[in-house]
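The values are calculated or read from the model by the stated rules, or taken from the named source; none is laboratory data. None of these values were measured; they are calculated from a predicted model. Don't worry about glycine lacking a Cβ; one is built from the backbone with ideal geometry, like all the others, and counts go over all protein chains shown. We work out accessible area using only protein heavy atoms, side chains counted, and drop any ligands, DNA or RNA first. Shrake-Rupley method; radii C 1.70, N 1.55, O 1.52, S 1.80 Å.
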Amino acid sequence: MRKLPTYQYPKFIKTIRMEGSNTKRYALHLELDNHASESLLVILKNPSRATTQVSDKTVFNVSNYVYQNQNKHEALKSIGSISIVNLMPHYQTHSHLLQSQHKRLMDSKNFETIDTLCRHINTVIIAWGNAPKGLDDSYERMKAKMLNILKTHKNQVYYVKQLSAAGNPRHGQVWAYKDPLIDMQL
């Protein structure tokens, strides 16, 4: 496989905090340098490489989308921090390779972390994209559990641009800065 490009965090990220280990990331917390006070939760598929030291394409893209659209979308106007979580906490840049771990992908600590964050953060963007190859059934169970958490806490849920033919929100890696933020009625 080819070497992946390195991404640094954008200059508007003031602090970075992470919950996890070398193999799993439960949450990545980014504080923006903008004096705003509200938090945003973004739910992706699985972490690629971002840690407190280095970003990856998805985290870079998501944070830039939020920052650049704060004056465009009402839901983003007061966002001063972004917490990024995933359906699957396992680090893997190429998500199709997660198939080998399919029996360990439903991680209870991951869902407990997300449940706690949903209890405290009202605004959520879902951005997990379609299922990795060979994980359709597991993925549907994880999505159902996630949507149940969001409904339980009555979060204000959004997605970017459109849903896929399979009904999944666009993955954060492919968001364009001009894409609309759509209110999702759960």
Residue by residue through the range 60-71, note down the ones that are out of contact with any helix residue (DSSP H, G or I) (no Cβ under 8 Å at 6 or more places or on another chain) and in contact (Cβ under 8 Å) with a residue 12 or more places away in the chain. PHE60, SER63, ASN64, TYR67, GLN68
List pairs: first residue in the range 13-26 and touching a residue at least 24 places away in the same chain (Cβ under 8 Å), second residue among the basic types (Lys, Arg) anywhere in the structure, Cβ distance under 9 angstrom, at least six positions apart or on different chains. MET18/ARG25; GLU19/ARG25; LYS24/LYS109; TYR26/LYS109
Please enumerate the residues belonging to the range 157-170 that are open to solvent by less than 60 Å² (accessible area, probe 1.4 Å) and either under 16 Å from the mean Cα position of the chain (by Cα) or free of Cβ contacts under 8 Å to residues at least 24 places away in the same chain (or both). VAL157, TYR158, TYR159, VAL160, GLY167, ASN168, PRO169, ARG170
Restricting attention to the range 36-56, does a residue exist that is over 18 Å from VAL174 (Cβ atoms), of a type in the set (Lys, Arg) and open to solvent by 30 Å² or more (accessible area, probe 1.4 Å)? no
If you take the residues in the range 7-35 that are touching a helix residue (DSSP H, G or I) at 6+ places or on another chain (Cβ under 6 Å) and open to solvent by 20 Å² or more (accessible area, probe 1.4 Å), which one is modelled with the lowest pLDDT? TYR7
Tell me yes or no: at least one residue of the range 117-132 is surrounded by fewer than 15 Cβ atoms within 10 Å (Cβ to Cβ), over 22 Å from PRO89 (Cβ atoms) and either among the polar types (S, T, N, Q) or out of contact with any strand residue (DSSP E or B) (no Cβ under 9 Å at 6 or more places or on another chain) (or both). no
